[in-house]
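The structure appears below as C-alpha cells.
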Amino acid sequence: MHEFIFKDNELYCENVRVADIARRVPTPFYLYSYKTLVDHYRKIKVAFDSIRPLVCFSVKSNSNIAVLRALVKNGAGLDIVSGGELYRARLTGVDPKRIVYAGVGKRRDEIEDAIRFGILFFNVESEDELEEIQKCAEKFNKKVNIAVRINPDVVPKTHAHITTGKGDTKFGLDFQTVHKIFNSKRMYPNLNIRGVHIHIGSQVLDGAPFEDAIKKVLEFLKRYKIDVDYFNIGGGLGIIYSIENPQTAKSFAKRILPMLKKSRLKIILEPGRFISGNSGILVTKVLYTKITPRNTFVIVDSGMSDLIRPSLYTAYHKIVPVMLRQDSSQAPEKVEVVGPMCESGDFLGKDRFLPLMHKGDLLAVMGAGAYGFTMSSNYNSRPRAAEAMVIKNKVYIVRSQETYKDLVRGESIPKVLKREH
C-alpha cells in the first residue's frame, strides 16, 4: 500500500529512517515516497491498460513540482484548475497535449496562457465560459478543444464539501443545457466541442456512483446522437485513512471497463488522492503535554495551517510515534493531538491512544500526501512547512521551509505611514 513502515520500532520511508530525516529537515515537514507515488500511478495505468487511457494526475491534490515531475517522467499527464497550476505544469516538462484544464472560474488571462501553451482540453463548466474561450480562441485565430462538464446529479457517499456531481453544486452543466450546447456548436466557430467530462466527488469508496454517472452520460450521448471523441470520467477514488475499505484500481476498472469499451471513446482519468494520498506523511514535533480535568493534550509544532483536513472535514488521519520506546511499560493513553494555532478547531487528531509523549518526540501524521501542503496557509503568520522526498533511498528537500521574510514578501508600508506625527 505504501512505503512508510516500521522496522525495529522505528518508522522508515522506504529504507530511510524518518528520525534521521528530521535531523536534517526542520519540523514540521511533509515527506513523500517516490516509490509509492509511482506505484500508485502504475496501478491505475495497468488496471485500465486495455483501453490505453490518458491518466492526468490531479495537480490540486499535490502540486509540488518534484511530485509532478516524478509522475510526468513515468508517463502521467496533468489535470489543472488554475493559471498557477499551469505554470507549475510547464516547469515539469509535460507535453501540453497531456494537460486538461478544469475549474468553474477560469480568468481570461489564464485561458489565453493555456491556449498559447496548446493544452489538450478545456473542461468547460458554463455557457459564459464557452463564450469567453471562443473570444480568446478567435483572438489567436486558433481552434481550441473543448470537453463539456456534465453534472450527472449523482450523490456519492462522501463529505458534502467534496461532493461535486450532485445537481445543486456549482460544478458542471445539466443534461438539458449540454444538449443545447451541442445543438448550437456553430455559435463557437473557434471551438472543437469534442468531449464530455464528469467528476462526481473526492474520497469516494464505492464504485456504484461512478457506474451510475458513466451510464447516465453514455445513455445521454446515445439518445441524442451526440458525436464526441473523448470521455473524461474524472477522479475521486478513495483511499484508506483508518478503517475504510475502498475499491482497488483493479476492481474499479473491472466494474466500468465494459461500458467504456463499448462506447469506443478515448478515455481520460483524473486521479489525485489515489496516487498521492498515502504517498506522503506530515512529521511534527511534540512541544508540550498538558493535562486538564477533562483531557490530556499533546501540543505539537504543526496544526491546521499545515494540515487543515481534520479541522475542515473532521477528517481522520492515523497518527503514530516516529520511534516507539522499547522500555515503555505504560499503556497508551487517550489524548488530543493539537496544534499551536489560536483556534479551538486546531487539531490533528482527537481521542487518540498514544504512548506517553515527551517534549521533542516526533509524530507522523499518515496519509497526508493529498490536500496537505496544497491547502496549507500562513495563518497566525506561521511559515509553511518544508517538503522532502525519498528517491531510491536518498533524501531530497523539494521545498525549503519558509522564513519570516517569506511571510512579508510583497508587502510594504506606504510612506505616509512612515511619517512621524
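The values are calculated or read from the model by the stated rules, or taken from the named source; none is laboratory data. What you are looking at is a predicted structure, and each value in this text was computed from that prediction instead of being measured. Here the Cβ is made from the backbone with ideal geometry for all residues, glycine too, and neighbour counts use every protein chain on show.
Restricting to the range 350-367, and then to whatever is part of a strand (DSSP E or B) and touching a Leu at 6+ places or on another chain (Cβ under 9 Å), can you tell me which residue is surrounded by the fewest Cβ atoms within 10 Å (Cβ to Cβ)?
Across the range 350-367, the extreme among qualifying residues is 354.
Report, by residue number, each residue of the range 4-24 that is in contact with a Leu (Cβ under 8 Å, 6 or more places away or on another chain) and of a type outside the set (S, T, N, Q).
Matches in the range 4-24: 4, 5, 6, 10, 13, 17, 18, 19, 21, 22.
Among the residues of the range 104-111, are any more than 25 Å from residue 151 (Cβ to Cβ) and without any contact (Cβ under 8 Å) to a residue 60 or more places away in the chain?
yes
Condition first: more than 24 Å from the chain's Cα centre (by Cα) and either assigned to a strand (DSSP E or B) or within 30 Å of residue 225 (Cβ to Cβ) (or both). Can you find one or more residues in the range 324-331 that meet it?
The answer is no; no qualifying residue exists.
Of all residues in the range 383-404, which are buried (at least 21 other Cβ atoms within 10 Å of the Cβ) and part of a loop (DSSP other than H, G, I, E, B)?
385
Only one of 294, 273, 223, 264 is under 20 Å from residue 32 (Cβ atoms) and either surrounded by fewer than 22 Cβ atoms within 10 Å (Cβ to Cβ) or among the basic types (Lys, Arg) (or both). Can you tell me which?
From the options 294, 273, 223, 264, the qualifying one is 273.
Within the bounds of the range 227-238, is there any residue that is farther than 30 Å from residue 118 by Cα and either within 27 Å of the chain's Cα centre (by Cα) or part of a helix (DSSP H, G or I) (or both)?
Yes, some residue in the range 227-238 is farther than 30 Å from residue 118 by Cα and either within 27 Å of the chain's Cα centre (by Cα) or part of a helix (DSSP H, G or I) (or both).
One line per residue, one yes/no per condition, for (1) over 15 Å from residue 150 (Cβ atoms); (2) touching a Phe, Trp or Tyr at 6+ places or on another chain (Cβ under 7 Å):
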site: 227; (1), (2): yes, no
site: 231; (1), (2): no, no
site: 241; (1), (2): yes, yes
site: 244; (1), (2): yes, no
site: 250; (1), (2): yes, no
site: 260; (1), (2): yes, no
site: 263; (1), (2): no, yes
site: 271; (1), (2): yes, yes
site: 275; (1), (2): yes, yes
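Could you check, for the range 311-331, whether at least one of its residues is touching a strand residue (DSSP E or B) at 6+ places or on another chain (Cβ under 7 Å), in contact (Cβ under 8 Å) with a residue 40 or more places away in the chain and closer than 30 Å to residue 199 by Cα?
Checked the range 311-331: at least one residue is touching a strand residue (DSSP E or B) at 6+ places or on another chain (Cβ under 7 Å), in contact (Cβ under 8 Å) with a residue 40 or more places away in the chain and closer than 30 Å to residue 199 by Cα.
If residue 137 satisfies all but one of (1) buried (at least 22 other Cβ atoms within 10 Å of the Cβ); (2) part of a helix (DSSP H, G or I); (3) at pLDDT below 90, what's the number of the condition it fails?
(3)
Restricting to the range 56-76, give me the number of residues that are more than 23 Å from residue 390 (Cβ to Cβ) and in contact with a Phe, Trp or Tyr (Cβ under 7 Å, 6 or more places away or on another chain).
0
Only one of these conditions is not met by residue 82: (1) within 16 Å of the chain's Cα centre (by Cα); (2) surrounded by fewer than 19 Cβ atoms within 10 Å (Cβ to Cβ); (3) within 21 Å of residue 44 (Cα to Cα). Which number is it?
(3)
Say whether the condition of being closer than 26 Å to residue 2 by Cα and free of Cβ contacts under 8 Å to residues at least 12 places away in the same chain is met by at least one residue in the range 218-238.
no
Take the residues in the range 63-79 that are assigned to a strand (DSSP E or B) and not charged (D, E, K, R); name whichever of them is surrounded by the fewest Cβ atoms within 10 Å (Cβ to Cβ).
Among those that are assigned to a strand (DSSP E or B) and not charged (D, E, K, R), it is 77.
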